[in-house]
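Nothing in this text is a laboratory measurement; each read-out follows from the coordinates by a stated rule. On a predicted model such as this, the values are computed, not experimentally measured, just so you know. Cβ sites come from the backbone with ideal geometry, for glycine too, and all protein chains shown count toward neighbours.
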Amino acid sequence: MPVRIQHEDFDISAEIAALRDARRDVGAVASFVGIVRDMNEGSSVAGMTLEHYPGMTERAIQAILDEAGTRWAIFDSLVIHRIGALQPQDQIVLVVVTGAHRGDAFAACEFIMDYLKTQAPFWKKERTPQGDRWVEARAADDAAAARWEKP
């Protein structure tokens, strides 16, 4: 269950193929790609800088992947998250999950992304015409993650 934090862009097809080709019994691949938007909170966005806490970030994401592996019958998962200066339309994050069946792969992929938004220590600063601003946590992201909480 690889976790990579990097400045460089990633090749979605190559990453999916590498994860899928590791096993012959893969019947489902679910993926999500996050992209920098040129608008947020009613303002245009010229770019974004992502920062993280090295070591802590990788451990937090690995814990998310481990939890997904205990909840669903999946074979493997991958998270690539970019840091540094990004422009609108740049890829930010890739989540890929493999499994025998689509239901578990879809659910695990959605869980991983919901928890990445709320549990992984990343900080985003947007460049807007009004100046730079830190992106605040969103109640909708917290609500999305909360639905996965065990009773």
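The table below gives the values:
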read-out: Loop-exposed trypsin sites (Lys or Arg not before Pro) per DSSP, neighbour cap 13 Cβ within 10 angstrom, longest uninterrupted part of the chain; value: 38-137
read-out: Computed label-point distance, nm, for sites F32 and D66 using a 7 Å Cα→Cβ extension; value: 2.1
read-out: Summed side-chain charge close to E126 - residues other than E126 whose Cβ falls under 12 Å, Lys, Arg +1, Asp, Glu -1; value: +1
read-out: Net charge over other residues, Cβ less than 13 angstrom from the Cβ of E41 (K, R count +1; D, E count -1); value: +1
read-out: GNM flexibility winner over the chain from G42, G84, G99 (Cα, springs under 10 Å); value: G42
read-out: Alpha-carbon gyration tensor eigenvalues x 5, square-rooted, for region 3-142, Å; value: 28, 15, 14
read-out: Region 3-142, relative contact order [Cα under 8 Å, separation at least 6], %; value: 34
